[in-house]
Amino acid sequence: MKKIPVWIDTDTGVDDAVALVTATHLEELNIVGVSAVSGNTSLENAFRNARDVLALVGRKDIKVYPGSDRPLVVPLRTAAHVHGQNGLGGAEIPLSDAPLETMKAWDALYEAAKEYKGELVVCPIGPLTNIAITIAKHPDIVDYIKEINMMGGAADGGNITPCAEFNVYVDPHAAENVFKSGIPVNMFGLDVTLKAYLDDDDIAEISSYGNPVSDLFRDSNHLIYEVRERLHFSGLAEHDSCPIVYTAHPDWFEGHKCGIFLETQGTITLGKTVTDLWTDFKYKDRHCQVFLDLQRDKFMNLIKEAYRSH
Ligand code: RIB
Ligand code: CA
């Protein structure tokens, strides 16, 4: 089977860690590289966490590159209330002893995209800062990236404000640059990721597997439990695993072609991903897809299988 070359850009928080564990379990994927970006937590934490999670699953061969420590324009806003001070909900895992990569994310991603000659799939699961910088510094990269399968945005609603999802809100200007680049974007926003949830039985099952990887899952989610209680939301949404699993199993997801444009001037609406999905008006430029549904059972069973396998 010809593996799909994938680049993951992450702000390595709690659900990012689940996405990395799941990605390394998917035999369909060839993870060419990983880059870290500030968002859920500082760049320093995101970089260390990505290295350490990959080492924990036995994949310290996958190189991790440092990216941006702040958004393009607005000040950095993190989410320690959800992901803890260290980005992994306070869970402690062994430090990776893999060599420290010093090449910047935007240069490493560019080299990888050229190497895979138009086949590389880029999966941002944090703010889009690194991707936007890559496009600005190396404009010809648009010819080398097959598609961007991203976690972020929402055709309807928001989580960090009523209008905006966290990843896009943290760096709306970067998101605007990426959506305007012309690279096909598959947007896995809250519309679908809130349906990609682990229920209490799923959580208990994974937490009971008794291996170091499932122990990380068990020990890192407690802050999210508190947030979801306040929101009266019963599930544990695995936002970041959606674009990863889609890349290997596109038939498990339901997408709709549309145009997506970013609100970067608003105050109340800053960071809203405006789509023409549910309107008679249609944008001329419609090179995106918004995803609205998934086959949750298959998705959840894959995540459980990934944690059981260690
Ligand atoms: O809104 C959910 C997104 O914000 C996820 O990527 C999560 O990791 C946080 O970064
Ligand atoms: Ca993330």
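The values are calculated or read from the model by the stated rules, or taken from the named source; none is laboratory data. Fair warning: this is a prediction, and the values are worked out from it, not measured in the lab. Note: ideal-geometry Cβ built from the backbone for every residue, glycine included; neighbour counts use all protein chains shown. For accessibility, only protein heavy atoms count, side chains too; no ligands or nucleic acids. Shrake-Rupley method; radii C 1.70, N 1.55, O 1.52, S 1.80 Å.
A viscosity of 1.567 mPa s and a temperature of 4 °C, combined with the Kirkwood radius over Cα pairs in Stokes-Einstein, give a translational diffusion coefficient for the range 222-310 of 81 µm²/s.
With 0.36 nm allotted per residue and the present C-alpha distance subtracted, the Asp143-Arg70 stretch has 23.6 nm of extension available. Projected onto the charge dipole of the chain (+1 at Lys/Arg Cβ, -1 at Asp/Glu Cβ, origin at the Cα centre), which of Ile141, Val53, Gln265 gives the Cα projection farthest towards the positive end? Looking along the dipole axis, the top candidate is Ile141. In terms of Cα atoms, the Rg and Dmax of the range 96-227 work out to 17.6, 48 Å.
Overall, the ratio between the Cα radius of gyration of the chain and 2.2 N^0.38 Å, rounded to two decimals, is 0.91. From the alpha carbon centroid of the range 22-89 to that of the range 160-212 is 14 Å. When both the range 236-252 and the range 258-300 are represented by their alpha-carbon centers, they are found 17 Å apart. Within straight-line reach of Lys257, meaning a Cα separation under 16 Å, sit the following lysines at least 8 residues removed in sequence or on another chain: Lys180, Lys282, Lys284.
In this simple spin-label model, placing a label point 7 Å from the Cα along the Cα-to-Cβ direction at both His232 and Asp200 gives a separation of 1.7 nm. Taking the Kirkwood radius as Rh and the Cα radius of gyration as Rg, the range 3-61 has a ratio of Rg/Rh equal to 0.95.
Exceedance of the 22 Å cut-off in Cα-Cα distance is limited, within the set Lys2/Lys137; Lys3/Lys117; Lys63/Lys117, to Lys2/Lys137.
Taking 0.36 nm per residue of separation and subtracting the Cα-Cα distance, full extension of the segment from Lys298 to Arg286 would add 1.4 nm. Mean-square fluctuations from a GNM of the chain, with a 10 angstrom spring cutoff on Cα atoms, peak among Asp293, Asp280, Asp215 at Asp280.
Taking a point 7 Å out from the Cα of Asn30 in the direction of its Cβ, the residues of the range 108-144 whose backbone N falls within less than 14 Å of it are 112-121.
Which net charge results when you count Lys and Arg as +1 and Asp and Glu as -1 among the other residues whose beta-carbon is under 14 Å from that of Thr129? Here the charged neighbours net out to -1. The phi torsions of the range 289-300, fed into the Karplus equation with coefficients 6.51, -1.76 and 1.60 and a -60° offset, translate into couplings of 10, 9, 9, 10, 7, 8, 8, 4, 4, 5, 4, 5 Hz, rounded to whole numbers, with Gly and Pro shown as x. Karplus-based coupling profile of the range 40-57, in residue order and whole Hz: 3, 8, 5, 4, 4, 5, 4, 5, 5, 4, 4, 4, 6, 5, 5, 5, 4, 8, with θ = phi - 60° in 6.51 cos²θ - 1.76 cosθ + 1.60 and x standing for Gly or Pro. Most tightly packed first, judged by the mean number of other beta-carbon atoms within 10 Å of their residues, the peptides 268-275, 122-129 read 122-129, 268-275. When the chain is treated as a GNM with alpha-carbon contacts under 10 Å, the residue of Ala91, Ala154, Ala174 showing the greatest mean-square fluctuation is Ala91. Annotation: amide H of Glu147 within the under-5 Å range of Val122, sequence separation 5 or more or interchain, hydrogens built in the peptide plane.
Of the heavy-atom accessible surface of the range 1-150 (probe 1.4 angstrom), what whole percent is carbon and sulfur? Provide the component values of the computation, followed by the final result.
Working: 3010 of 5770 Å².
So the carbon and sulfur contribution to the accessible surface is 52 percent.
Using Cβ point charges alone (K and R +1, D and E -1), the dipole size of the range 204-254 about the Cα centre works out to roughly 140 debye.
Here the Kirkwood formula puts the hydrodynamic radius of the range 75-115 at 13.4 Å, using every distinct Cα pair. Of the whole protein surface, Ile31 contributes about 20 Å² of accessible area at a 1.4 Å probe radius.
Couplings 3J(HN,Hα) of the range 160-173, computed from phi: 8, 9, x, 10, 9, 8, 3, 4, 6, 5, 4, 9, x, 5 Hz, in residue order, whole Hz [Karplus 6.51 cos²θ - 1.76 cosθ + 1.60, θ = phi - 60°; x for Gly and Pro]. Here the sum of -39500 (n - 2.57) over DSSP H runs of 4 or more residues, divided by the residues of the chain, equals -10500 deg cm²/dmol at 222 nm, to the nearest 500. Amide H to amide H distances under 5 Å link Ser96 with Asp52, where only residues 5 or more positions off or on other chains count and H is placed in the peptide plane.
By definition, a body whose alpha carbon gyration tensor gives a ≥ b ≥ c is oblate when a/c is 1.5 or more and a/b is not larger than b/c, and the range 1-134 fits this oblate description. The GluC sites (Glu not before Pro) of the range 82-143 that meet both conditions, a loop assignment by DSSP and at most 11 other Cβ atoms within 10 Å of the site Cβ, are Glu92.
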